[in-house]
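Structure first, then comments.
The values are calculated or read from the model by the stated rules, or taken from the named source; none is laboratory data. Please read all numbers here as calculations on a predicted model, not as lab measurements. So basically every Cβ, Gly included, is an ideal-geometry build from the backbone, and we count neighbours across all protein chains shown. Side chains are part of the model used for accessible areas, which takes the heavy atoms of the whole protein and leaves out ligands, DNA and RNA. Shrake-Rupley method; radii C 1.70, N 1.55, O 1.52, S 1.80 Å.
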Amino acid sequence: MKKYPNLSKTCTIRGVTYRNRIFSTPTGLTYPDEYSGAPDFRTVLFYEKKARGGAASVNYGETPVNNVDAVRRPNVDVIRPDFSRMILPAKDWIKFTDAIHRHGANPCVQLAHAGLFAEPFFNGASTGKVIGPVEMDKENGTHVTAMDEEDMARIAGDFAEAALCAVQSGFNQVMVQCCHGWLLAQFLSPAWNTRTDEYGGSIENRAKFPLQVLRAVREKVGPRVVIQIRISGDEHQKNGWTLDDCIAFCKMTDGIVDIIEISSGDYHNSEHYCWVNPLMGHFVNIPIAKALKEAGVQARLTAVGGHNDPAKMDQLIGEGVIDFFSIGRGILADPDLPKKFLCGREEDVKPCIRCSDCMAGLYTGYYQCNINPAAGQEAYLLGTPAPKARKKVVVVGGGVGGMEAAITAFDRGHDVTLVEKGDKLGGTLLFADHGHKEDLRKLKDYYVHQIEKRDIKVMLGTEADTALMDQLCPTDIIVASGSTHRVLGVPGVENAKYATAAYFEPETIGNKVVLIGGGMINCEIAVSLADAGKDVTIIELLDGTARDANMFIKPTLDELFAQRAESIHVITEAATKSISENSVTYTDKDGNEFEVPADTVLYAVGSIPNSAVVDELREWPDWESFRAIGDCTGAGIVKKAIHQGYFAAMDIL
């Protein structure tokens, strides 16, 4: 008997059979051809790995239904023909759908219209008009025209035509985007839709246009295509739509929609709820699924929201709470996640840390996964030569960067020794064994497990020096010696501790805590301490906190701070001058001096690379290749260590 029988069950909808209950959701990393707008070969290779990894459905993601007024950003995909340029993209889309079908999965595409968030500049056939549920002027000066019934009929037709083009391109499942602040969500949500005619007011009125779209799609694609919608159960914004609205609308779609995917949030006012992060829980949208089931919604239900426990997933399906589970970033981190879950090998799944840098990268240009260096690089890695000989590799440093290097080198056939000066593997992430950092702890544990299951020689409690190299005689050396926290340079620093004492020594933390430094480390600690009943003050030199957080983590921290305003106090543009046994003295930007009482003082003000071992080992004369990676080359995040460790090992030939 399978370990997770409910998760492994097949399900057939409108003649389309899903081999299990795990869907792969959109995660970006799409590269449309710059001329045709169809996915290029890099995209196909990336998404094919998801299908090969065992997902039942692989969703391509954001695809505008027209290029007149639907597009919100550059470099989006085009699925409808462009007769003005005689571009017929179906032949290129078929390359994508074939890559999904041949591995037993079903390809799905998300059809969307940006509504009032579209910009004429990004729409090749734009008339200069931006449309939405109501007339308004956006902050950037763009005027939005309220849609009339002629606009609604045209847009419903665009969705229908785009869906038909998808079917003709090999998709047997289409998703209509109804949440996260896209056009249909703009009509559904009272936060955006303030119309006073028959398309505004009650949920029945607000639903008229979205239902018009869904009926047009069903009529166009016929009865043998699965229609899925994505809906926010809770928009987490002022005057946003309610769970009662969600239930009512979902029941209106009975007979038209086959699968409802539940999400939360709004890209524009509460986007951090769209992609849950380490400061949030797991399985966050399951209560909404349960409410929809109890209300008698007929469509099959799936949900996004941090699904990382196959036992719980299996249980919830068995209890009838939900029918499928949608996983995005988890499959980005490990494309083989579905296969490993279904085979009962969850300990071999590289766990997503939910940092959301992959999605933030859409806006910063760093379009990558922090813990999966190969994601999006499939085409480029095709040119990596196979090793010509089995090399003797020494990796110095047992943090995640060093372990990634050791694992990759071993898997490429090399003899690997991992040297760690401490008494256990894990490096900086050892703090995650204590406190609330579950996602990072699971990542650390994954790496330790992968080291233990391989024939990698591990030398704990061992300092790496040239004498050790004389003993081991490596051909290749990778140094991942990490960094040491910077000691705060103020009088009385002996009365303070480095920030991670909050994790390693919680019993020593008093009731009035001052945190010096307002980066992410101290901000997360502040939340944890406030929840433990402590009174916390953050003193930050610059004009804001968590400046090292991405666009999804930062608003989450701001929200958590606001909820704990009585316990967390933030002082910015303040320079710490001294620390005593029971207080901290600082000056503000005008030079005025203040004193804050404190039972405990913690600080986090940067780090210093452990470069001495790098310099010493580089001087050892007999190596063929030498690489220093991670924090020993300068402070960075987990991505730097893992990516550099992976590629350093790949370069050993």
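Values for this structure:
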read-out: Where a label projected 7 Å from the Cα of Tyr363 along Cα→Cβ would reach, residues of the range 244-272 with amide N under 16 Å; value: 265-272
read-out: Selection from Asn66, Cys352, His434, by position along the positive dipole direction of the chain (Cβ); value: Asn66
read-out: D_trans [Stokes-Einstein, Kirkwood Rh over alpha-carbon pairs] for the range 133-205, 25 °C, 0.890 mPa s, µm² s⁻¹; value: 176 µm²/s
read-out: Charged-residue dipole, Cβ positions (Lys, Arg, Asp, Glu), the chain about Cα centre, Debye nearest 20; value: 2520 debye
read-out: For the chain, average projected area of the Cα convex hull in nm²; value: 31.8 nm²
read-out: For Ala546, distant residues with modelled amide H under 5 Å away; value: Gly519, Met520
read-out: Separation of the Asp254 and Met551 label points, Cα + 7 Å toward Cβ, nm; value: 4.0 nm
read-out: Distance cut-off 21 Å, percentage of C-alpha pairs in the range 46-139 lying past it; value: 44 percent
read-out: Nearest-ten-degree value, helix 438-452 long axis tilted from longest Cα axis of the chain; value: 70 degrees
read-out: Backbone N under 19 Å from the Arg486 label point (7 Å along Cα→Cβ), restricted to the range 616-634; value: 630-634
read-out: Spin-label proximity, Lys392 to the range 466-497 - amide N less than 13 Å from point 7 Å beyond Cα toward beta carbon; value: 468-477
read-out: Solvent-accessible surface (1.4 angstrom probe) belonging to Asp151, in square angstrom, nearest 10; value: 10 Å²
read-out: Within the range 310-393: Cβ-based charge dipole about Cα centre, in debye rounded to nearest 20 (Lys, Arg +1; Asp, Glu -1); value: 660 debye
read-out: Once the Cα gyration tensor of the range 28-69 is diagonalised, semi-axes √(5λ) in Å; value: 22, 13, 6
read-out: Crossing angle, helix 208-221 versus the chain [Cα axis fit, 0-90 degrees, rounded to tens]; value: 80 degrees
read-out: FRET efficiency, 1/(1 + (r/R0)^6) with R0 30 Å, evaluated for Ser607 and Gln315 via beta carbons; value: 0.10
read-out: Surface accessible to a 1.4 Å probe, per residue, for the residues of the chain, Å²; value: 40 Å²
read-out: The range 513-595: antiparallel DSSP beta bridges as a percent of all, rounded to 5; value: 45 percent
read-out: The chain: antiparallel DSSP beta bridges as a percent of all, rounded to 5; value: 25 percent
read-out: Whole-angstrom gap from the range 90-119 to the range 425-440, using each part's C-alpha centre; value: 38 Å
read-out: Additional length obtainable on full extension of the chain from Asp531 to Glu150, 0.36 nm per residue less Cα span; value: 131.8 nm
read-out: Too-long pairs where the Cα-Cα distance tops 28 Å, listed order kept, from Lys2/Lys350; Lys293/Lys554; Lys339/Lys388; Lys421/Lys442; Lys95/Lys339; Lys138/Lys238; value: Lys293/Lys554; Lys339/Lys388
read-out: Under-5 Å amide H pairs with Val176, H placed in peptide plane, nonlocal only; value: Leu111, Gln228, Ile229, Arg230
read-out: Helical contribution to [θ] at 222 nm, DSSP H n ≥ 4, -39,500 (n - 2.57), averaged over the chain, rounded to 500; value: -9000 deg cm²/dmol
read-out: Over the range 96-141, equivalent-ellipsoid semi-axes from the Cα gyration tensor in Å; value: 35, 12, 8
read-out: Formal net charge of residues neighbouring Thr25 (Cβ-Cβ distance under 9 Å; K, R +1; D, E -1); value: +1
read-out: With every protein chain in place, the chain: carbon and sulfur % of accessible area (1.4 Å); value: 50 percent
read-out: Contact order normalised by residue count of the range 126-266, Cα under 8 Å, 6+ apart, percent; value: 25 percent
read-out: Förster radius 35 Å - calculated FRET efficiency between Met136 and His569, Cβ distance, rounded to 0.05; value: 0.40
read-out: 3J(HN,Hα) from dihedral phi, the range 425-430, Karplus parametrisation 6.51/-1.76/1.60, rounded to Hz, x for glycine, proline; value: 7, x, x, 4, 6, 4
read-out: C-alpha long axis of helix 243-252 to longest principal axis of the chain, angle in °; value: 40 degrees
read-out: Distant-in-sequence amide H partners of Ile608 (H built 1.01 Å from N, under 5 Å); value: Thr484, His485, Arg486
read-out: Pairwise centroid distance, computed over Cα atoms, of the range 581-653 with the range 503-534, Å; value: 21 Å
read-out: For the range 346-433, the spread of Cα positions along each principal axis, largest first, Å; value: 41, 38, 26
read-out: Dipole of the chain, positive end: most advanced residue of Leu617, Pro89, Leu468 [Cβ charges, Cα centre]; value: Pro89
read-out: Relative contact order (%) - criterion: Cα under 8 Å, at least six apart; region: the chain; value: 11 percent
read-out: Sites Thr12 and Gln168, calculated FRET efficiency, Cβ-Cβ separation with R0 22 Å, nearest 0.05; value: 0.45
